[in-house]
């Protein structure tokens, strides 16, 4: 079955058998519905949340199986209820649709990126009020998802809130459109200004000095994890969003799972010591999701093949997604 939104948007590689419409919904896999060619376009366009898989990791600088995360992400749904005890919120009161996966070419990365841009544009054009959640994939997909959003809504000025250990500002002439270049890609393509980017979580010995110089030249706003902790993660996020919201119409949240300490995220190709704790990341994502101008997000650089048997990183990535949905409902 194909999606009616975009001819190349494929059904997910893994789907759960759905319960009857009259059955009680208790688990995430019973709640999120699959969009097919048989779906009613007019009814689906009012969905509260839209999920799209972007299984690309060939553009990763470090060896990565992040392309396997969309499948592992969907399999993990069965382990989560729709009810969030912490905030007394049941996600099943809202509607969520899975539109499938963007297809990837085995050898042509640029074609993969073009497919992502087209799919993103089609999704953002059809789902005008929905919150779009892209599940990567490596971090190169972020630039393409944002470019698609820009194509669909050219009148809207876009800003970025980024949770990351890295600047992701590497030179495209040396690295191409890799997972080390998405923010520079957006700056140099004129889609997002450097001054409309806010990066939280940088730390340690994992960025070269020339990247900091480029960030300073372009006015990129960055807060080291040490400084964010001093101020408080939640307060740091709210302050960044307050500044960003005064400048842009739409805020795109990107969560690079390498922002986490390696102890909390073994299934991340570029994981490092000294990163965020699980609690800090969830706190930051919830605070971001509560802001009304945050209209789309992605989760990137999570490799299920590097995870341990208990799949702690996959489960955490899924928890990040559900936490984002919780924050949206709390607005």
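Nothing in this text is a laboratory measurement; each read-out follows from the coordinates by a stated rule. Since this is a predicted model, take the numbers as computed values, not measurements. Glycine gets a Cβ as well: all are built from the backbone with ideal geometry, and neighbour counts include every protein chain shown.
By DSSP, what percent of the beta bridges with both residues in the chain are antiparallel, rounded to the nearest 5? Provide the component values of the computation, followed by the final result.
Working: 4 of 42 bridges.
Bridges in the chain are about 10 percent antiparallel.
Expressed as a rounded percentage, what relative contact order does region 28-329 have, with Cα pairs under 8 Å and six or more residues apart? Walk me through the intermediate numbers first.
Numbers: 649 pairs, mean separation 62.8, N = 302.
Once normalised by length, the contact order is 21 percent.
What is the spin-label model distance, in nm, from residue 331 to residue 242 if the labels are put 7 Å beyond Cα along the C-beta direction?
Each label point lies 7 Å from its Cα, and together they span 2.0 nm.
Place a point 7 Å from Cα of residue 293 in the direction of its Cβ. Which residues in region 158-172 have their backbone N less than 20 Å from it?
158-164
At a 10 Å Cβ-Cβ cut-off, how would you order 308, 95, fewest neighbours first?
Values: 308 10, 95 17.
Least to most surrounded, the residues fall as 308, 95.
Rounded to the nearest 0.05, what FRET efficiency is calculated for residue 108 and residue 224 with R0 set to 56 Å and r the Cβ-Cβ distance? Let's see the in-between values first.
Values: r = 37 Å, r/R0 = 0.67.
Here the calculated transfer efficiency is 0.90.
For labels at residue 310 and residue 15 in the simple 7 Å Cα→Cβ model, what's the distance in nm?
That separation, rounded to one decimal, is 3.3 nm.
Calculate the FRET efficiency for residue 175 and residue 8 from the Cβ-Cβ distance with a Förster distance of 30 Å, rounded to the nearest 0.05. Write down the numbers at each step before the final one.
Details: r = 26 Å, r/R0 = 0.87.
After rounding to 0.05, the efficiency reads 0.70.
Fewest Cβ neighbours within 10 Å first, please rank 68, 234 accordingly. All intermediate terms of the calculation are to be shown ahead of the outcome.
Values: 68 21, 234 16.
Fewest-to-most Cβ neighbours within 10 Å comes out as 234, 68.
Specify whether the C-alpha gyration tensor of region 1-153 places it in the rounded, prolate or oblate class, a ≥ b ≥ c being the square roots of the eigenvalues: rounded for a/c under 1.5, otherwise prolate if a/b is larger than b/c and oblate if not. Numbers along the way, then the final one.
On the way: a/c = 1.80, a/b = 1.43, b/c = 1.26.
Prolate, because a/c is 1.5 or more and a/b exceeds b/c.
Going by C-beta contacts inside 10 Å, put 74, 213 in order with the fewest on the left. The partial results should precede the final answer.
Working: 74 24, 213 11.
In increasing order of surrounding Cβ atoms, one gets 213, 74.
Which of rounded, prolate or oblate describes region 34-100 when judged by the alpha-carbon gyration tensor and an a/c cut-off of 1.5? Let's see the in-between values first.
Values: a/c = 2.71, a/b = 1.34, b/c = 2.02.
Cα axes put region 34-100 in the oblate bin.
Please work out how much length the chain gains when fully extended from residue 86 to residue 63, using 0.36 nm per residue of separation minus the C-alpha to C-alpha distance, in nm with one decimal. Don't skip to the answer; put the middle values down first.
On the way: separation 23, 0.36 × 23 = 8.28 nm, distance 3.66 nm.
Stretched out fully, the residue 86 to residue 63 stretch lengthens by 4.6 nm.
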